[in-house]
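Before any comments, here is the structure.
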Amino acid sequence: MDTDETFPLRDVLDRAADALPPLPDLVPLAVREGRRRRARARFATAATAFGVVTAGALGLTLLPGNGPAPAMPAAPPPSPGVSASPSVSPDASYPPVAVEETPGVPPPDNPDGLPEAERERRAVHQQRVAALLDELLPAKVTEIRPVKDKVSAYRITAGGEPFWMTVSVRRSDDHALDACPNRSDPRIVCETAVFDGDHEAQLLSMTANEPGTSASYVRFPYGGSRVRLSVEPEGVSSPVTPRELFAVVEDPRFLALVKEADARPVEEKLLPPVVGGGTPPP
């Protein structure tokens, strides 16, 4: 029940509340923290569950790098004429894996003989791509790790199974979008999709490696380069669909990395197909 004494107190409280600033919008902070926790959870899964893995269908052994994971180096400054990309640095570095082409035979260190500064620049590129893949790929992908000294290669895990993923940006003299395969096989699904205003990409799902398993591809020209994202099957079909790969392509931060790699290549130039040598792989 209100009394004569409560009215002055209520009036004072109302005036005090009116003087307070409005409460901040907590939704963006919550979303950002949720993404960070997801990245940390994936990273913890990779750190605790990954030891020595033999990819049976590949016949390759994947080994974690020796010693503690290095801290992610700072991104190098962009070259003149290239705008800095939005921040895509992960909360923690993504430890690379080394691939043994012959089980039991460690791969050579720095097989391409790159200067250390260039090698580090490519490693930074891989880390930034891995960070975006961690955020943008569906939650069924529980681990993402760059392959050491193979700048376009990543090892992802889904459903407890390892798969090879490629994210490649290679300079090319051919700037036309590839035509969809002219085949009647119902296991080949091909379509085009538009992104970034007026750019077109080809989305392709087709049998690869062995009968009954399919790979997913997205490929498109951008600037002076050919860009390809793919996930290959390993005993079972790719867990990531072409549409899910295309969701990565649509993110402006990914396109910023593509533009940087187009201006300052991290891979060798794509050679034209050999006449009479058959159709190159997607």
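The values are calculated or read from the model by the stated rules, or taken from the named source; none is laboratory data. Treat the numbers as computed from the prediction; the structure is a model and nothing was measured. In this analysis, Cβ positions are derived from the backbone assuming ideal geometry, glycine residues included, and neighbour counts consider all displayed protein chains.
The number of residues in region 114-144 being within 14 Å of V266 (Cα to Cα) and not aliphatic (A, V, I, L, M) comes to 11.
Of all the criteria given as (1) of a type outside the set (A, V, I, L, M, F, W, C); (2) surrounded by 15 or more Cβ atoms within 10 Å (Cβ to Cβ); (3) out of contact with any helix residue (DSSP H, G or I) (no Cβ under 6 Å at 6 or more places or on another chain), the one not satisfied by T192 is (2). Restricting R128, R155 to those that are under 18 Å from V258 (Cβ atoms), at pLDDT 95 or above and of a type in the set (D, E, K, R) reduces the list to R128.
Residue by residue, here is whether (1) part of a loop (DSSP other than H, G, I, E, B); (2) of a type in the set (A, V, I, L, M); (3) touching a residue at least 12 places away in the same chain (Cβ under 8 Å) holds:
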site: P233; (1), (2), (3): yes, no, yes
site: V236; (1), (2), (3): yes, yes, yes
site: V240; (1), (2), (3): yes, yes, yes
site: V248; (1), (2), (3): no, yes, yes
site: F254; (1), (2), (3): no, no, yes
site: V258; (1), (2), (3): no, yes, yes
site: V266; (1), (2), (3): yes, yes, yes
site: K269; (1), (2), (3): yes, no, yes
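The single residue among D134, D174, D185, D149 that is of a type outside the set (S, T, Y), buried (at least 20 other Cβ atoms within 10 Å of the Cβ) and either assigned to a loop (DSSP other than H, G, I, E, B) or at pLDDT below 85 (or both) turns out to be D149. Within region 98-126, if we keep just the residues that are of a type in the set (V, I, T) and surrounded by 11 or more Cβ atoms within 10 Å (Cβ to Cβ), the residue that is nearest to V151 (Cα to Cα) turns out to be V124. Looking only at region 179-226, residues that are of a type in the set (D, E, K, R) and in contact (Cβ under 8 Å) with a residue 60 or more places away in the chain come to 2 in all.
For region 152-167, a residue qualifies if it is in a strand (DSSP E or B) and out of contact with any helix residue (DSSP H, G or I) (no Cβ under 9 Å at 6 or more places or on another chain), and the qualifying residues are R155, A158, E161, P162, F163, W164, T166. Residues of region 202-247 that are farther than 14 Å from W164 by Cβ, under 17 Å from the mean Cα position of the chain (by Cα) and among the small types (G, A, S): A247 alone.
I'd like to check something: does region 225-236 contain any residue that is of a type in the set (S, T, Y) and either modelled with pLDDT under 95 or exposed (fewer than 14 other Cβ atoms within 10 Å of the Cβ) (or both)?
The answer is no, given that none of the residues of region 225-236 is of a type in the set (S, T, Y) and either modelled with pLDDT under 95 or exposed (fewer than 14 other Cβ atoms within 10 Å of the Cβ) (or both).
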